[in-house]
Amino acid sequence: MAYFYKHKYELAVSDFDKAAEMLPHDFETFHRRGDAYYNLGKYDEAVTDPSKAIQLNPLDTRAFNLRGLCHFQNGDYEQAIDNYKIAIGQDPEYDPSIVNRGNALLKTGQIDAAFQDYDRAIQINPDDAFYYHIRATAYFELDRPKKALSDFNRAIEIDPDEADYLFWRGLTNFELNRYTDAARDYEAATQLDPEMDGALNNLGNTFQALNDHVRALEAYNQSLEIDPNDGLVLVNRGNTHQAQGNFDAAMKDYESALELDDSDPEIYLARGLLYERMEEYGRATNDFGKTISLSPEYGIAYYNRGLMLQNEDKCDLAIPDFEMSAKLLSDDPDSFANLGNCLLRTGRPMEAVAAYNKAIVLSPDDLDLYVGRGDAFIEAGPIESAIADYEKAISIAVVDLHPTILDLLSVQMRLENYKPAFVEYQTAIQRLAGKADSYADLAYVLFETGKSDAAIRTFRRAIARDENHPRAHVLFGQYYI
């Protein structure tokens, strides 16, 4: 028995074996040996002992609970629920079985019933921090982080020295974008348990989210001191090196991670992104392809490979990748936008319009999408739709208006419809309170429409507001040519 309480479960099993031979009718011996097997993770061996204890004492509530736990760990959730139900029937206030049944009900999708059990267990024992922790993790897994945070707070209030509670609250704060609070939780967890390398890794991720690369590296380095062969931490540290522009160090970490596991798609994706930044597009394309071969449903890999092919003017090859990323990342407007770009570049403007339509639904305030769709309407018609899209883009823009205005001008000049162009430029100048870009654009319109004197005055206004404005000087020079 002493070995059991010292957590020396192998030795405890040996002692209980001898006790079972001497006391074959002692249900307590079988119950405790089952406990020891359970703590060793030997659930198949563990489940037979509470069954023997129940044969000897059908009223052993704890044995039904233990057998339920063994079935739960083996994935037999319905059998687990049946055992917990018997235990609760024998003792309606037996809160361990109530909360354990809640866990099993959650696994079978009976969410309301699960939370009824969690609530009941807390009602019976309102000062048990573990029960709040269990309910909080259930909320977290169901993507209810605010409710989870409330329960984690209560668990930590009751037991502030449990590292696991702080770790989970850190996860929840991170999910809520409360990065400073998350970092504080992970740091507190590692102070209580310095060997908790998972908390150190998450602490690094949190500092990375805060753009504190130095402290992120410190956390990853501490984690790797505990486990030098943790590939996930190596990749995360590599990502931080990459964010710092230290490409050699990043590559070394990715290569080390691949030596540990060359079948992890995340590593190839990370290295592909590094190759992309190094402008080694062929190698980037290969790594994104390797990611896809290992994880065919990995939408971001298709998207990035599509970008590489698009950059190499291989839009015909990029289109299938963007189509796949749009399918897998159906809420990502960038996939649809780049699909539209490639369809337009390969002479398929109406299909491009359809892609831009989907992108605009997802991101209705992105002026580039309206410009792209406007370009597609220029090719496919009607011109009026192009003008409407350019005008929509202008209405969205706040600062950098001149590329869009020039697109609108090109359409309106084709229609010999100059007046709207003047109105748009003048509106832009009012919005920008006299920024040089808008004066340069307006001067260009005046120049193109033969209003030379007005053009000269407006060019000079642009230069007066920014004497180093290159575009104003270039356009002014073109006038004299």
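The values are calculated or read from the model by the stated rules, or taken from the named source; none is laboratory data. Only a predicted model underlies this, so the values are computations on that prediction, with no experimental measurement involved. FYI the Cβ positions are ideal-geometry reconstructions off the backbone, even for glycines, and counts take in every protein chain you see.
Here are the numbers for this structure:
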| quantity | calculated |
| --- | --- |
| Flag for Arg32 being assigned to a helix (DSSP H, G or I) and either modelled with pLDDT of 75 or more or surrounded by fewer than 20 Cβ atoms within 10 Å (Cβ to Cβ) (or both) | no |
| Residue in segment 285-293 that is farther than 22 Å from Leu343 by Cβ and surrounded by 22 or more Cβ atoms within 10 Å (Cβ to Cβ) present | yes |
| Among the candidates Thr108, Thr137, residue that is out of contact with any Asp or Glu (no Cβ under 8 Å at 6 or more places or on another chain), among the polar types (S, T, N, Q) and more than 19 Å from Thr61 (Cβ to Cβ) | Thr137 |
| Test: residue in segment 165-185 that is more than 27 Å from Gly41 (Cβ to Cβ), in a loop (DSSP other than H, G, I, E, B) and not hydrophobic (A, V, I, L, M, F, W, C) | yes |
| Residue satisfying condition, being among the small types (Gly, Ala, Ser), modelled with pLDDT of 95 or more and within 29 Å of Leu369 (Cβ to Cβ), within set Ser256, Ser325 | Ser325 |
| Residue within segment 87-101 that is more than 28 Å from Gly41 (Cα to Cα), part of a helix (DSSP H, G or I) and out of contact with any strand residue (DSSP E or B) (no Cβ under 6 Å at 6 or more places or on another chain) present | no |
| Matching residues, segment 239-255, being more than 12 Å from Asn205 (Cα to Cα) and in a helix (DSSP H, G or I) | His241, Gln242, Ala243, Phe247, Asp248, Ala249, Ala250, Met251, Lys252, Asp253, Tyr254, Glu255 |
| Residue match in segment 124-138 (condition: surrounded by fewer than 15 Cβ atoms within 10 Å (Cβ to Cβ) and at positive phi) | no |
| Residues of segment 35-71 satisfying the condition of being part of a helix (DSSP H, G or I), among the aliphatic types (A, V, I, L, M) and under 43 Å from the mean Cα position of the chain (by Cα) | Ala36, Ala46, Val47, Ala63, Leu66, Leu69 |
| When residues of segment 60-97 are limited to those that are among the aromatic types (Phe, Trp, Tyr) and in contact (Cβ under 8 Å) with a residue 24 or more places away in the chain, the one farthest from Tyr37 (Cα to Cα) | Tyr94 |
| Members of segment 345-360 found to be charged (D, E, K, R) and assigned to a helix (DSSP H, G or I), listed by number | Arg345, Glu351, Lys358 |
| Enumeration of residues in segment 174-189 that are surrounded by fewer than 23 Cβ atoms within 10 Å (Cβ to Cβ) and out of contact with any Pro (no Cβ under 7 Å at 6 or more places or on another chain) | Phe174, Asn177, Arg178, Tyr179, Thr180, Asp181, Arg184, Glu187, Ala188 |
| Of all residues making up segment 138-164, the number that are of a type outside the set (A, V, I, L, M, F, W, C) and touching a Phe, Trp or Tyr at 6+ places or on another chain (Cβ under 6 Å) | 3 |
| From Gly170, Gly198, Gly238, residue being under 21 Å from Ala136 (Cα atoms), at pLDDT 95 or above and either of a type outside the set (S, T, N, Q) or surrounded by 20 or more Cβ atoms within 10 Å (Cβ to Cβ) (or both) | Gly170 |
| Every residue from segment 35-65 that is charged (D, E, K, R) and surrounded by 15 or more Cβ atoms within 10 Å (Cβ to Cβ) | Asp35, Lys42, Glu45, Asp49, Lys52, Asp60, Arg62 |
| Residue check for Leu217: on the phi < 0 side of the Ramachandran plot and in contact with a Ser or Thr (Cβ under 9 Å, 6 or more places away or on another chain) | yes |
| Filter pass, Arg305 being basic (Lys, Arg), in contact (Cβ under 8 Å) with a residue 12 or more places away in the chain, on the phi < 0 side of the Ramachandran plot and surrounded by 16 or more Cβ atoms within 10 Å (Cβ to Cβ) | yes |
| Verdict on Gly272 being touching a Phe, Trp or Tyr at 6+ places or on another chain (Cβ under 6 Å), touching a residue at least 12 places away in the same chain (Cβ under 8 Å) and either hydrophobic (A, V, I, L, M, F, W, C) or farther than 18 Å from Asn205 by Cα (or both) | yes |
| Of the criteria (1) out of contact with any Gly (no Cβ under 7 Å at 6 or more places or on another chain); (2) farther than 24 Å from Tyr179 by Cα, which one Asp253 fails | (1) |
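Rundown of residues vs (1) in contact with a helix residue (DSSP H, G or I) (Cβ under 6 Å, 6 or more places away or on another chain); (2) more than 26 Å from Ala155 (Cα to Cα), yes/no style:
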| position | (1), (2) |
| --- | --- |
| Arg178 | no, no |
| Ala182 | yes, no |
| Leu192 | yes, no |
| Leu200 | yes, no |
| Asp212 | no, yes |
| Leu217 | yes, yes |
| Asn221 | no, yes |
| Glu225 | no, yes |
